[in-house]
């Protein structure tokens, strides 16, 4: 019977050859949201579809909830649910801040719902088509 030979295991760390930043879903979401023009809005689902994760609208919501700490700033107030309702308003500094920011951009809101949502809707799949 042969005696097992011990192989020397290298503990040297390999340096990655790529200089590409590490991928994060939140960073992709923030990149899309930063491109929404003033006076326009989009939905969590539209962003999820654009990022290739069509069924991850809820994850887009989580990203928006954490957006207050992102730099450069992320205009999270421009992201609403598929019906134009300000479902993320409770995650702002005050419950009315999201509506106030939208109104500064000439977007009318009544009872936490955007008036003319379909007219103001910005679809990243269309607007950012490659």
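The values are calculated or read from the model by the stated rules, or taken from the named source; none is laboratory data. Quick caveat: nothing in here was measured; it's all calculated off a predicted structure. Methodologically, a virtual Cβ is constructed for each residue, glycine included, from the backbone with ideal geometry; neighbour enumeration extends over all protein chains shown.
For residue 8, only one of the following conditions fails: (1) part of a loop (DSSP other than H, G, I, E, B); (2) touching a helix residue (DSSP H, G or I) at 6+ places or on another chain (Cβ under 6 Å); (3) at pLDDT below 95. What is its number?
Residue 8 satisfies all of (1) part of a loop (DSSP other than H, G, I, E, B); (2) touching a helix residue (DSSP H, G or I) at 6+ places or on another chain (Cβ under 6 Å); (3) at pLDDT below 95 except (2).
For the range 70-91, which residues satisfy the criterion of being in contact with a helix residue (DSSP H, G or I) (Cβ under 8 Å, 6 or more places away or on another chain) and part of a helix (DSSP H, G or I)?
76, 77, 78, 89, 91 - these are the residues of the range 70-91 that are in contact with a helix residue (DSSP H, G or I) (Cβ under 8 Å, 6 or more places away or on another chain) and part of a helix (DSSP H, G or I).
Taking the range 97-129, which residues are without any contact (Cβ under 8 Å) to a residue 24 or more places away in the chain, within 19 Å of the chain's Cα centre (by Cα) and in a loop (DSSP other than H, G, I, E, B)?
129
With respect to residue 74, is the statement that it is surrounded by 13 or more Cβ atoms within 10 Å (Cβ to Cβ), within 22 Å of residue 121 (Cβ to Cβ), touching a strand residue (DSSP E or B) at 6+ places or on another chain (Cβ under 9 Å) and modelled with pLDDT of 95 or more true?
no
Scan (1) assigned to a loop (DSSP other than H, G, I, E, B); (2) in contact (Cβ under 8 Å) with a residue 40 or more places away in the chain for the single condition residue 94 breaks and write down its number.
The failed condition is (2).
Answer yes if at least one residue in the range 51-69 is assigned to a helix (DSSP H, G or I), within 16 Å of residue 127 (Cβ to Cβ) and modelled with pLDDT of 95 or more, and no otherwise.
Looking for residues that are assigned to a helix (DSSP H, G or I), within 16 Å of residue 127 (Cβ to Cβ) and modelled with pLDDT of 95 or more, one finds none in the range 51-69, hence no.
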